[in-house]
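The values are calculated or read from the model by the stated rules, or taken from the named source; none is laboratory data. None of these values were measured; they are calculated from a predicted model. Using ideal geometry, Cβ is built from the backbone for each residue, glycine included, and neighbour counts are taken over all protein chains shown. Please note that ligands, DNA and RNA were not included when accessible areas were found on the heavy atoms of the full protein model with its side chains. Shrake-Rupley method; radii C 1.70, N 1.55, O 1.52, S 1.80 Å.
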Amino acid sequence: MNVQIVFLVLVTILPASILCQSDADTWYKGGNFYQIYPRSFKDNNNDGIGDLKGITSKLEYLKEIGIDGVWLSPIYKSPMKDFGYDISDFTQIQPEYGTMKDFEALAAKCKRLGIRLILDFVPNHTSDQHEWFIKSVNKEPGYENFFYWHPGKVNATTGERSPPSNWLSSFRYSAWEWNEKRKQYYLHQFTIEQPDLNYREPAVVAKMKEVLVYWLDKGVSGFRVDTIPSLFEVAPDENGNIPDEPPSGKCNDPDDPCYLSHIYTYDQNETYGIVYEWRELLEDYRKQHGGDQLILMTEAYSELPYILRYYGDGKLNGSQIPFNFHLLRNTNKTSDVFEFKRLIEEFLGGVPAGSEANWVLGNHDQKRLASRLGEQRVDLFNILLKTLPGISITYQGEEIGMTDVIISWEDSVDPPACNSNETTYYAVSRDPARTPFQWDDSRNAGFNWFKKPWLPISTNYKCVNVKTQRAQPRSHLNNYKRLIKLRKEASLGNASYESALFGEIYTYKRQSGSVKPIVVALNFGKTWETINLSAKYNLPEALKVVVASIESQYTEGQIVNGTRLTVPNDIGLVLTTL
Ligand code: GLC
């Protein structure tokens with residue numbers, strides 16, 4: 001018997017539990033993840049700002065819809081210049097969000113409900129109020145090199161000093177800020193109040209590892225790693241000089257980060273090594289303490305080859321979930337089906353063996369899915385997110401089709417918006433996607449009941465809210481729940497994937513072992529079309545509707561003719577055999 005035959009025989013006679021890795025290793029595979037932006041999820045104490053007790057009070061909702069893991073945007077002590085991404089103490093809770101006790105209660109309830117808790121880990125920078133920065137400003141021994149300091153360039157004739165390079169902050173203007181006390185510039189890739197940590201200083205690497213262990217000891221299941229591509233910048237040369245970045249040709253505004261090609265400040269080689277070290281730390285922690293697989297989700301708006309490197313380098317493992325922003329970065333309302341299919345299959349083709357794809361169509365930094373890709377396509381995109389191979393990640397509110405709220409220039413609070421001007425701010429503002437979650441049709445959409453929320457509630461909350469949609473059989477929310485249920489029943493995480501285009505209708509079949517196949521049809525075009533799905537996928541004529549966009553004429557459980565299936569524009573359908 002050759003090796004292949006032996007394997008096949010074993011596969012047929014051994015119970016699945018012996019062949020497969022245990023659930024403790026693979027729980028995140030095919031998982032349904034959900035991002036909570038704590039400031040806007042649920043305000044328990046009525047101060048206008050969401051909090052930990054609010055989240056705890058709503059965990060049953062996440063359980064009800066079928067979420068496996070939840071990641072929280074930062075909850076740590078912060079002066080809130082970048083709404084929590086400027087951290088002044090990595091191991092304390094921001095008082096307006098609650099206390100450590102509240103966090104422990106939240107973690108315990110997650111455990112009870114079987115929801116994995118993932119925290120945001122922000123390694124690139126601290127707040128300028130963090131004690132490490134204050135110590136570094138004062139050149140306290142051991143802290144001198146915690147941040148990226150530089151004396152700047154001095155003009156030999158005038159003696160005038162200027163920043164060391166032309167590097168720009170992601171939020172506009174120079175990435176260098178002069179510190180009068182230390183008499184040097186420091187680097188900040190984001191707001192002035194977010195100095196960049198220096199990962200060439202071993203003490204920084206060690207301290208940040210301690211932060212990971214601190215939260216692992218509190219029982220979290222992993223971390224979403226913030227802005228990983230900006231962790232390293234090129235080091236000064238032997239004369240202390242730092243190179244300028246070349247113009248990108250993408251825009252004409254020299255203060256806008258799109259003006260430069262970020263070849264010295266993003267995607268530097270050393271970054272991957274650190275991610276692999278963090279993964280190793282998680283593996284070692286698990287070896288010592290037992291428990292289930294611990295995960296990393298990495299945030300990188302990089303080109304595909306760079307994103308894929310986060311999985312590992314073939315020898316060392318990295319992030320299990322390098323966020324797939326390939327669709328998010330490259331699509332909008334005008335993108336056609338060919339573009340979507342190409343981007344999806346490019347990502348699927350790039351995922352290394354043994355790893356999983358993941359799908360993200362929104363987060364707290366982007367315009368909301370419904371507003372960006374079309375309110376009439378909310379179900380179509382939720383079907384896509386939930387039926388493609390791999391892991392799906394939902395930003396709070398996508399499951400009910402929440403839309404952006406237009407915030408005036410005067411009311412804007414987001415740093416990139418405030419750093420721009422009245423005519424350009426909207427394009428860069430992240431406020432519209434951060435407005436409070438819409439729970440019901442009562443005052444303030446059930447986010448709280450009294451104090452004005454920190455950002456306004458959408459005027460559509462009377463219809464677009466959890467309570468109303470829960471009661472409607474045809475609603476985005478109920479479709480979302482059906483999709484997760486289907487995902488679990490049809491073992492979609494590891495099912496095969498076979499696709500075809502019918503004009504502008506994207507279709508694919510997914511099948512796992514002997515479980516009934518599902519077939520998906522998504523009409524990205526502008527007209528109704530009738531297609532023969534059964535012939536294409538070798539399926540019987542009669543098919544059953546499992547999920548249908550609420551705007552369609554189809555209902556769940558309806559039997560349709562797969563040889564003459566009419567799919568209206570903007571509609572998504574999931575079908576199975578009888
Ligand atoms: C990440 C976060 C974003 C934040 C930035 C700086 O991109 O998602 O919200 O402003 O990092 O920490």
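Structure summary
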item: Protection-proxy order for peptides 369-375, 158-164, 193-199, 558-564, each taking the mean of Cβ atoms within 10 Å per residue, highest first; result: 193-199, 369-375, 558-564, 158-164
item: Label-to-label distance, nm, for residues given as LYS516 and GLU210 (7 Å Cα→Cβ offset); result: 5.7 nm
item: In Å², nearest 10: area of VAL205 left accessible to a 1.4 Å probe; result: 20 Å²
item: Stretchable slack from THR423 to GLU345, in nm (0.36 nm times residue separation minus alpha-carbon distance); result: 24.3 nm
item: Potential lengthening between ASP411 and ARG161 on full extension [0.36 nm per residue; Cα-Cα distance subtracted]; result: 86.3 nm
item: Whole-percent carbon and sulfur share, accessible surface of the chain, 1.4 Å; result: 52 percent
item: Solvent exposure of segment 191-252 as accessible area per residue, Å², 1.4 Å probe; result: 40 Å²
item: Angstrom value of the Kirkwood radius, inverse mean 1/r, which spans all Cα pairs in segment 197-324; result: 16.2 Å
item: With eigenvalues of the C-alpha gyration tensor scaled by 5 and rooted, segment 44-144, Å; result: 31, 14, 11
item: Protection proxy ranking of 210-219, 283-292 - average other beta-carbon atoms within 10 Å, highest first; result: 210-219, 283-292
item: Charge sum, other residues only, whose C-beta stays under 15 Å from LEU543's C-beta, Lys/Arg counted +1 and Asp/Glu -1; result: +4
item: Square roots of 5 times each gyration tensor eigenvalue, C-alpha, segment 490-571, largest first, Å; result: 20, 14, 13
item: FRET efficiency, 1/(1 + (r/R0)^6) with R0 30 Å, evaluated for GLN558 and THR527 via beta carbons; result: 0.85
item: CYS463, CYS110, ranked by accessible area, largest first (probe 1.4 Å); result: CYS463, CYS110
item: Residues VAL234 and ASN494, FRET efficiency given R0 of 51 Å [Cβ-Cβ distance, rounded to 0.05]; result: 0.80
item: Pairwise Cα inverse-distance average, inverted: Kirkwood Rh of segment 14-102 (Å); result: 15.0 Å
item: Theoretical FRET efficiency, 1/(1+(r/R0)^6), r = Cβ-Cβ of MET100 and SER261, R0 41 Å, to 0.05; result: 0.40
item: Nearest-20 debye value, segment 360-495 charge dipole, Cβ charges on Lys, Arg, Asp, Glu; result: 700 debye
item: Where N is the number of residues in segment 402-495, Cα Rg divided by 2.2 N^0.38 Å; result: 1.40
item: For segment 429-577, diffusion coefficient by Stokes-Einstein and Kirkwood Rh (Cα), 4 °C, 1.567 mPa s, µm²/s; result: 75 µm²/s
item: List LYS544, LYS509, LYS467, ordered by accessible area with a 1.4 Å probe, largest first; result: LYS467, LYS544, LYS509
item: Residue (of ALA471, PHE437, TYR461) at the positive-pole extreme of segment 422-471, dipole from beta-carbon charges; result: ALA471
item: Those chymotrypsin sites (Phe, Trp or Tyr not before Pro) in segment 381-460 that DSSP places in a loop and that have at most 15 other beta carbons within 10 Å; result: TRP409, TRP449, PHE450
item: P(r) of segment 87-225 over all Cα-Cα pairs, binned every 5 Å from zero, in whole percent; result: 2, 9, 16, 18, 16, 13, 10, 7, 4, 3, 1, 1, 0, 0
item: Distance histogram for the chain (every C-alpha pair counted, 10 angstrom bins, percent rounded to whole numbers); result: 3, 16, 26, 26, 17, 8, 3, 1, 0
item: Gain in span if fully extended, ASN241 to ALA471, counting 0.36 nm per residue against the direct Cα distance; result: 76.4 nm
item: DSSP bridge orientation in the chain - percent antiparallel, rounded to nearest 5; result: 65 percent
item: Whether segment 135-196 is rounded, prolate or oblate, judged on the alpha carbon gyration tensor where a/c under 1.5 counts as rounded; result: oblate
item: Nitroxide proxy distance, nm - points 7 Å out along Cα→Cβ at LYS544 and SER335; result: 3.3 nm
